[in-house]
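Everything below concerns the one structure shown next.
The values are calculated or read from the model by the stated rules, or taken from the named source; none is laboratory data. Just so you know, these numbers come straight off a predicted model, no measurement behind them. Virtual Cβ from ideal backbone geometry, glycine too; neighbours counted across all protein chains shown. Side chains are part of the model used for accessible areas, which takes the heavy atoms of the whole protein and leaves out ligands, DNA and RNA. Shrake-Rupley method; radii C 1.70, N 1.55, O 1.52, S 1.80 Å.
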Amino acid sequence: MQLRKFIKKEIVIEKNVSAEYEIARILQKNQDKTVFFERVKGYDFKVVGNVIPSREGICRSLGTNRSGYINTVLDALDNPVEPVTAKKGECYEVAERSLHELPVLKHFEKDAGKYITSGIVIARDPEHGRNVSVHRMLVLGDKRLAARLVERHLYLYHQRAEQRGKALEVAIAIGVHPAILFAASYSPPLGYDELKLASSLLGKPVELVKCKTVDLEVPRYSEIVIEGKILPKERVDEGPFADITSTYDIVRKQPVIEVSHIAHRKEPIYHALLNSGIEHRLLMGMPQEPKIYGAVKKVADVKNVCLTEGGCNWLHGVVAISKKSEKDGKKAIHAALEAHPSMKHVVIVDEDVDIFDASSVEFVIATRFQADRDAVIIKNVRGSSLDPSASKNGLTTKVGIDATIKGRREYFEKAKMPT
Ligand code: MN
């Protein structure tokens, strides 16, 4: 249940490295390997990056494998487990005075500043209960952060607090077990406590401890805890920030977190999550796959779902189905696009296709697809705010490609040689 016990140090960097660009460069160069930095210039922290740098890594953290992944997540969602409260919290062993004591990275040239990228933000709403979500947070000063709140649950909690004229208390945990980070990235329906999902995925309750200055709890083994509140009324410029597509997200007015307490474990490890890196993309994209699977299951016999690497694990999906009727392909297109509204292009394939292999998917587009008959084009709909080709008002055109076999199967039979 602890990040530090989960880490497999595939590369260890002994030399003194800089938190400004140097660590980010090394992480980008070694995106498929966990890199552990023993010494960081000016800080008493060790840094780890690319903790779950592959599908296999994420699956390992959830106690499953590639083929069991979707069912593991769907089962966990159906069987939430209540976290427990512990008396002692390792995360409060050492108190710090300033955000500047933390080795927060500067990642890319035009990023607005130093960004916390692996923090889970815990908050509570009087009606909806606890919510846990992941947000990028820009360091503004000793005790101030700007948080990008996409219009989802934490955004709603903050709005509701603001309408009551109140600040929203938050606890930010950095350096948690990847299953907790995954659950926070998942975004189940409003009112579903992500820590119950994490507990279910881990197979035992997450242990929490009470915070010092806010009425919330945090995972006891978090490497770092930042407590504070999201202020009402105040907004500041946030961005640019290199996001999942490797292009810069724009500057927006976003809320401010005023920090009331910072603490960490002894010999703390800072989890550096490289924005636009594989870990970032998989943590955002993989949780969408069970959602798409669940939606397509209602209209067709779905076999598997993948948001592809070339599509930034966000904009492009491939869905394998076992076709029972000629209409299944198009039904699956609509269901998939609705389930993951940021998805722009989706390809539906038969179950014989390896959906994780881009070449195999292209092959069936080449041999099983006719655009006038098998394409679905949906114009002027809301899509991803991270797609730089979308129009300025956020509208986009979506395309569904039904690349399943139509007509006589023997025409599509791959030539074999007798053995
Ligand atoms: Mn939520």
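Structure notes:
- Answer residue from the range 51-69, given it is within 16 Å of Gln2 (Cα to Cα) and under 17 Å from the mean Cα position of the chain (by Cα) and is most open to solvent (accessible area, probe 1.4 Å) among those: Arg60
- Cβ-Cβ contacts under 6 Å between residues 6 or more apart (or on different chains), taken from a first residue in the range 142-163 that is assigned by TED's automatic domain parsing to the domain that holds Arg97 to a second residue that is open to solvent by 60 Å² or more (accessible area, probe 1.4 Å) and within 16 Å of the ligand (Cβ to nearest atom), are listed as Leu149/Tyr155; His153/Leu190.
- Where a residue in the range 173-193 is over 23 Å from Glu90 (Cβ atoms) and touching a residue at least 60 places away in the same chain (Cβ under 8 Å) and its partner, wherever it lies, is within 8 Å of the ligand (Cβ to nearest atom) and not in a strand (DSSP E or B), with Cβ under 8 Å and at least six apart: Tyr186/Glu194; Ser187/Arg152; Ser187/His153; Ser187/Glu194; Pro188/Glu194; Leu190/His153
- Among the residues of the range 123-139, those identified as within 11 Å of the ligand (Cβ to nearest atom) and under 13 Å from Tyr192 (Cα atoms) are Ala123, Asp125, His128, Gly129, Arg130, Asn131, Val132, Ser133.
- Residue in the range 95-109 that is farthest from Ala173 (Cα to Cα), counting only those that are at pLDDT 95 or above and either part of a strand (DSSP E or B) or open to solvent by 20 Å² or more (accessible area, probe 1.4 Å) (or both): Glu109
- Hits in the range 204-219 (condition: open to solvent by less than 20 Å² (accessible area, probe 1.4 Å) and under 16 Å from Ala183 (Cα atoms)): Val206, Leu208, Val218, Pro219
- So Thr308, is it farther than 21 Å from Ala184 by Cβ and surrounded by 20 or more Cβ atoms within 10 Å (Cβ to Cβ): yes
- Members of the range 140-155 found to be within 12 Å of the ligand (Cβ to nearest atom) and open to solvent by 60 Å² or more (accessible area, probe 1.4 Å), listed by number: Arg152, Tyr155
- Where a residue in the range 388-413 is more than 19 Å from Leu307 (Cα to Cα) and its partner, wherever it lies, is open to solvent by less than 30 Å² (accessible area, probe 1.4 Å) and among the charged types (D, E, K, R), with Cβ under 6 Å and at least six apart: Ile405/Asp350; Ile405/Arg368
- Residues in the range 162-208 that are near the ligand (Cβ under 10 Å from one of its atoms) and not in a loop (DSSP other than H, G, I, E, B) were compared, and the one that is farthest from the chain's Cα centre (by Cα) is Leu197.
- Selection status of Ser360, modelled with pLDDT of 95 or more, under 11 Å from Ala403 (Cβ atoms) and surrounded by fewer than 16 Cβ atoms within 10 Å (Cβ to Cβ): yes
- Filtered residues of the range 220-236 (kept if more than 16 Å from the ligand (Cβ to nearest atom), touching a strand residue (DSSP E or B) at 6+ places or on another chain (Cβ under 7 Å) and assigned to a strand (DSSP E or B)): Ile224, Val225, Ile226, Glu227, Gly228, Lys229, Leu231, Glu234, Arg235, Val236
- Hits in the range 232-267 (condition: open to solvent by less than 40 Å² (accessible area, probe 1.4 Å) and under 17 Å from Arg124 (Cβ atoms)): Pro232, Pro255, Ile257
- Among the residues of the range 111-139, those identified as surrounded by fewer than 18 Cβ atoms within 10 Å (Cβ to Cβ) and either assigned to a strand (DSSP E or B) or of a type in the set (D, E, K, R) (or both) are Glu127, Gly129.
- Residue, nearest to Asp243 (Cα to Cα), within the range 379-401, restricted to residues that are surrounded by 15 or more Cβ atoms within 10 Å (Cβ to Cβ) and modelled with pLDDT under 90: Leu386
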